[in-house]
Amino acid sequence: MSRQEERTGPRDPEELEAAGAPANVEISPRTTLGAVHLSVADLARSLGYYRDAIGLRVLDEGAGRASVGADGRELLVLVEEPGARPSDGYTGLYHFALLVPERRDLAGWLAHAARDRVPLTGLSDHFVSEALYLRDPDGHGIEIYWDRPRETWEGQVASRMTTLPLDVDSLMGELDDPGTASFDGLAAGTVMGHVHLKVAEVDGTVRFYRDALGFGLMAQLGPHAAFLAAGGYHHHLGANTWESAGAAPPPEGSARLLHATIVLPDAAERDRAAARLEQAGRPVEEGDGEPAAVDPSGNVLVLAVAS
């Protein structure tokens with residue numbers, strides 16, 4: 001076996017009512033998301049942004065490449081491609097989503113953004129979560145969010161995940177004094193909660209992620225967007241066509257998604273996922289020393305094992 005948010009339309013497909021039904025799930029319920037790898041035009045500029053605006057720490061840097069994260073956990077890998085331009089109009093990354101542990105952590109980040117004038121593109125209540133949206137200097141979409149307790153939304157994702165205006169006053173009420181609340185970076189325990197992709201079409205995307213890879217379809221917005229997850233989560237993967245219906249993958253030399261990482265609990269589960277892709281006619285190659293596959297829209301996914 002081979003190993004192989006200035007924009008048109010709605011701000012985010014998660015801002016619309018979703019309808020769908022969970023499908024049989026084959027992928028391990030302990031599957032999570034790992035580091036997202038991006039190309040950027042100016043590594044120093046990006047590191048300054050992710051450190052000062054987002055609150056991540058540089059974990060490693062050298063030879064036009066750096067990794068950043070929180071509490072020692074790698075969340076992003078940035079690869080410099082000098083002169084790279086934003087990849088609007090192509091498939092690729094819609095946003096990556098950093099999940100903070102507590103509502104107070106989200107409030108603390110928003111207070112920091114207000115004090116330090118970090119531009120946002122959206123503030124939303126999705127019933128399952130509360131979320132803040134922004135874009136980095138290369139146009140890569142970012143979400144920072146907090147999940148409501150799972151018992152409040154489990155089994156209701158398809159019917160209830162939507163978007164309402166964020167109750168900022170309620171959120172900031174988590175802090176004694178938002179004006180003076182300290183901010184020393186994103187909280188320990190911050191993880192990559194989900195990755196939302198721009199795709200050329202949704203039906204083939206669902207066949208790849210649900211029928212071949214084994215994620216459950218949690219909700220679908222007709223031919224426009226779908227949300228998929230392992231273990232009954234509201235979504236580990238989102239996919240939409242708002243900016244990318246029928247589009248090609250971004251060209252070399254653009255600021256783009258290099259790959260997302262799906263983290264399986266052990267090597268046996270990783271190998272089973274890779275085998276399902278092969279059996280579905282989706283070649284699996286080596287990528288960063290791990291099995292990697294390409295979805296129908298050209299988005300690369302590395303299958304890693306939890307450390």
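The values are calculated or read from the model by the stated rules, or taken from the named source; none is laboratory data. Just so it is clear, the structure is predicted and the values come from calculations on it, not from any experiment. Neighbour counts are summed over all protein chains in view; Cβ atoms, including those assigned to glycine, are modelled from backbone coordinates with ideal geometry. Ligands, DNA and RNA are stripped out before the accessible areas are found, and what is left, the full protein with its side chains, is counted by its heavy atoms. Shrake-Rupley method; radii C 1.70, N 1.55, O 1.52, S 1.80 Å.
Counting only residues that are open to solvent by 20 Å² or more (accessible area, probe 1.4 Å) and β-branched (V, I, T), how many does the stretch 76-115 have?
Selection size over the stretch 76-115: 1.
Can you tell me which residues in the stretch 269-285 are within 19 Å of R30 (Cβ to Cβ) and open to solvent by 30 Å² or more (accessible area, probe 1.4 Å)?
E269, R270, D271, R272, R276
Which of the residues spanning the stretch 215-238 are surrounded by fewer than 21 Cβ atoms within 10 Å (Cβ to Cβ) and outside any strand (DSSP E or B)?
G222, P223, H224, G231, G232
Can you pull out every residue in the stretch 63-75 that is open to solvent by 20 Å² or more (accessible area, probe 1.4 Å), modelled with pLDDT of 95 or more and closer than 23 Å to E252 by Cα?
If the condition is that a residue be open to solvent by 20 Å² or more (accessible area, probe 1.4 Å), modelled with pLDDT of 95 or more and closer than 23 Å to E252 by Cα, then G64, R65 are the ones that fit.
Specify which of the listed residues (R51, R30) is among the basic types (K, R), open to solvent by 40 Å² or more (accessible area, probe 1.4 Å), part of a helix (DSSP H, G or I) and modelled with pLDDT of 95 or more.
R51
Tell me the residue from D288, D266 that is out of contact with any Leu (no Cβ under 7 Å at 6 or more places or on another chain), surrounded by fewer than 19 Cβ atoms within 10 Å (Cβ to Cβ) and on the phi > 0 side of the Ramachandran plot, please.
Residue meeting the stated conditions: D288.
Taking the stretch 170-214 only, how many residues are in contact with a Pro (Cβ under 9 Å, 6 or more places away or on another chain), open to solvent by less than 10 Å² (accessible area, probe 1.4 Å) and either β-branched (V, I, T) or in a strand (DSSP E or B) (or both)?
The qualifying residues number 5.
List every residue pair whose Cβ atoms sit under 7 Å apart, with the two residues 6 or more apart in sequence or on different chains, where the first one lies in the stretch 198-224 and is closer than 22 Å to G89 by Cβ and among the polar types (S, T, N, Q) and the second, anywhere, is open to solvent by less than 10 Å² (accessible area, probe 1.4 Å) and part of a loop (DSSP other than H, G, I, E, B).
That search, which allows pairs on different chains as well, returns T205/V199; T205/D295; T205/S297.
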